[in-house]
Amino acid sequence: MLRSALGLAGALTLLVAAVVLSLAVGARAIPPLDVLRALLGLGDRDTTAIVGDLRVGRTVLGLLCGAALGVAGVLMQALTRNPVADPGILGVNAGAALGVVVGIVLTGALGAATTLGFALVGAGVATTAVFVLASSAAVALSPVRLTLAGVAMAAVLTGITHALVLVDEQVLDTYRYWQVGSLTARRVGELGLVVPVVVGAALGLALVLARSLDVLALGEDAGRALGIDPDIVRAAGLVLVTVLCGTATALAGPISFVGLVVPHAVRLAVGPDLRRVMAISLLTAPALLIAADVVGRVVGRGAEVPVGIVAAFVGAPVLVGFVLAGRRLS
């Protein structure tokens, strides 16, 4: 309990610090007190415009997408029983990306509602296809079959996406910017659509499902003995991962490593209890994503580095460190 409480307190502290930095740091640094005045409508016009129109939107987007990716990573690692599984391992990100490309081809635009709709449809179709491929009347659904089906589906969908992108130069230009991952393209007014989706799914369904996944970690026979249907739990987890990853991918592009590194690190710190891991990841993942966005603003020397690139540069060495540490322990 003490370790969990300390973990929650530390994660909350990191998140608050990241939010403050996100509102204060950029091409023009703004003191925290001036940020507070701008949020209250008491600041000067320029400061209020910078904070209210630009930085609040990308900070809220970072909170939503980070929470979605963090919780999706926890669910994915539990569903596949793989501590270094990524939300994209089931083809969800590839399906969402294909949906976005189809949306660009059909509409020529990337509005928030349009992008979200096409991404969720693409992610849903990909997840359904993976579930069907991994299921069989003769063989029970297993984490290994899910993973193999997901990897195969992701490869197919990525190939289709690249084919569509290369046909049209305008689609290529739009997709090229979106695919690197960025928090800059949305304003607060556009985000109201996704708040109930992300917050409701992450805080409600995922935390409820965590207990059943904890039981399944003991084995499918133990789960059935306690009244839990493994197939229903996995299907519910896949639906939730689809909604979370599809939403985050639609709004910010495919951002890697956040959903992989954060749950793994949290599990090492607080133990295997999924409810604890999920609650702390819900705070830590957005803190990491927002911090990566802040770093991208200050290292580009006048040109911002997209958050997806910064997250990859941070996440890859951390993952390598986990692998090396695991080898030493074994």
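Read-outs throughout are calculated quantities, based only on the coordinates presented, and are distinct from any laboratory measurement. Just so we're clear, the structure is a prediction, and the values are computed from it rather than from any experiment. When we count neighbours, we look across all protein chains shown, and the Cβ atoms used for this are built from the backbone with ideal geometry, even at glycine.
Pick from 103, 315, 159 the residue whose mean-square fluctuation is largest in a GNM of the chain, springs joining Cα atoms under 10 Å.
Taking springs between Cα atoms under 10 Å, the residue moving most is 159.
Say R0 is 51 Å: what FRET efficiency, to the nearest 0.05, do residue 298 and residue 225 get from their beta-carbon distance?
On the way: r = 55 Å, r/R0 = 1.07.
Efficiency computed from Cβ-Cβ geometry: 0.40.
Compute the angle between helix 169-179 and the longest alpha-carbon principal axis of the chain, please, reported from 0 to 90 degrees and rounded to the nearest 10.
The helix 169-179 is inclined about 80 degrees to the chain.
Along the positive direction of the dipole of the chain (beta-carbon charges: Lys, Arg +1; Asp, Glu -1; about the Cα centre), which of 100, 16, 177 reaches farthest?
16
Could you work out how far helix 258-270 tilts from the main Cα principal axis of the chain, as a 0 to 90 degree angle to the nearest 10?
70 degrees
Find out how many positive minus negative residues lie around residue 132, taking Lys and Arg as positive, Asp and Glu as negative, among other residues whose Cβ is under 14 Å from that of residue 132. Display every interim value, and only then the final one.
Values: positive: 145, 234; negative: 231.
Result for the local shell: +1.
Take the alpha carbon gyration tensor of region 26-77, find the square roots of its eigenvalues, order them as a ≥ b ≥ c, and report rounded if a/c is under 1.5; if not, report prolate when a/b exceeds b/c, else oblate.
prolate
At residue 20 and residue 107, where each label point lies 7 Å from the Cα along Cα→Cβ, what is the point-to-point distance in nanometres?
Using points 7 Å along Cα→Cβ, the separation is 3.9 nm.
Does a label point 7 Å from the Cα of residue 214, set along Cα-to-beta-carbon, have any residues of region 1-31 with amide nitrogen under 12 Å, and which are they?
1
Counting Lys +1, Arg +1, Asp -1, Glu -1, what net charge surrounds residue 105 among other residues with beta carbon under 15 Å of its beta carbon? Provide the component values of the computation, followed by the final result.
Values: positive: 176; negative: 168, 169, 173.
It works out to a net charge of -2.
Residue separation times 0.36 nm, minus the C-alpha to C-alpha distance between residue 40 and residue 132: what's the value? Mind showing how you got there, number by number?
Numbers: separation 92, 0.36 × 92 = 33.12 nm, distance 5.16 nm.
Result for the pair: 28.0 nm of gain on full extension.
What Kirkwood hydrodynamic radius do you get for the chain when you take the inverse of the mean 1/r over all pairs of distinct Cα atoms, in Å?
Working: mean 1/r = 0.0492 Å⁻¹.
Kirkwood hydrodynamic radius for the chain: 20.3 Å.
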